[in-house]
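Worksheet for the structure shown next.
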Amino acid sequence: MVGDAAQRQGLALAEQLREQVPLLRLRMNCGGGGFKAQFRRADHSGARFALILGEDEIKADAVAIKSLRETQGEQVTLPCGQVAAHLRAALNFNPIA
């Protein structure tokens with residue numbers, strides 16, 4: 001079932017992001033309404049980005065990242081391995097050398 005696969009991949013991604021971007025505050029929402037309702041909840045939470053794992057993303061081992069605060073923020077789809085670097089750059093979280 002795609003929902004179960006998305007949830008498993010989402011949990012694994014959340015763990016990976018928490019390790020690779022320690023200052024990142026991350027909240028997961030596994031279902032609970034359509035996309036509009038989920039984006040509305042993300043927006044009301046103050047999130048800057050929504051990470052999307054749907055059927056297409058699961059098949060491609062990728063994550064769609066939608067900017068919620070930038071007026072011209074485009075949605076991008078990246079391989080799972082590139083998400084942490086993208087978020088660090090977008091949030092100006094630079095590791096201390």
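The values are calculated or read from the model by the stated rules, or taken from the named source; none is laboratory data. Here the structure is a predicted model, which is why all the values come from computation and not from measurement. Cβ placement follows ideal geometry from the backbone for every residue including glycine, while neighbour counts extend to all protein chains displayed.
Before moving on, here are some points about what is shown:
- Selection of the range 19-35 for residues being over 12 Å from the mean Cα position of the chain (by Cα) and at pLDDT 85 or above yields 19, 20, 21, 22, 23.
- Candidates 74, 70 - the one that is surrounded by 10 or more Cβ atoms within 10 Å (Cβ to Cβ) and modelled with pLDDT under 85: 70
- Candidates are the residues of the range 55-81 that are part of a loop (DSSP other than H, G, I, E, B) and in contact with a helix residue (DSSP H, G or I) (Cβ under 7 Å, 6 or more places away or on another chain); the one that is farthest from residue 19 (Cα to Cα) is 68.
- Selection within the range 36-60: residues that are farther than 25 Å from residue 92 by Cα and either exposed (fewer than 11 other Cβ atoms within 10 Å of the Cβ) or in contact with an Asp or Glu (Cβ under 6 Å, 6 or more places away or on another chain) (or both). The member of this set that is modelled with the highest pLDDT is 59.
- In the condition set (1) modelled with pLDDT of 85 or more; (2) outside any loop (DSSP other than H, G, I, E, B); (3) not hydroxyl-bearing (Ser, Thr, Tyr), residue 6 is compliant with all but (1).
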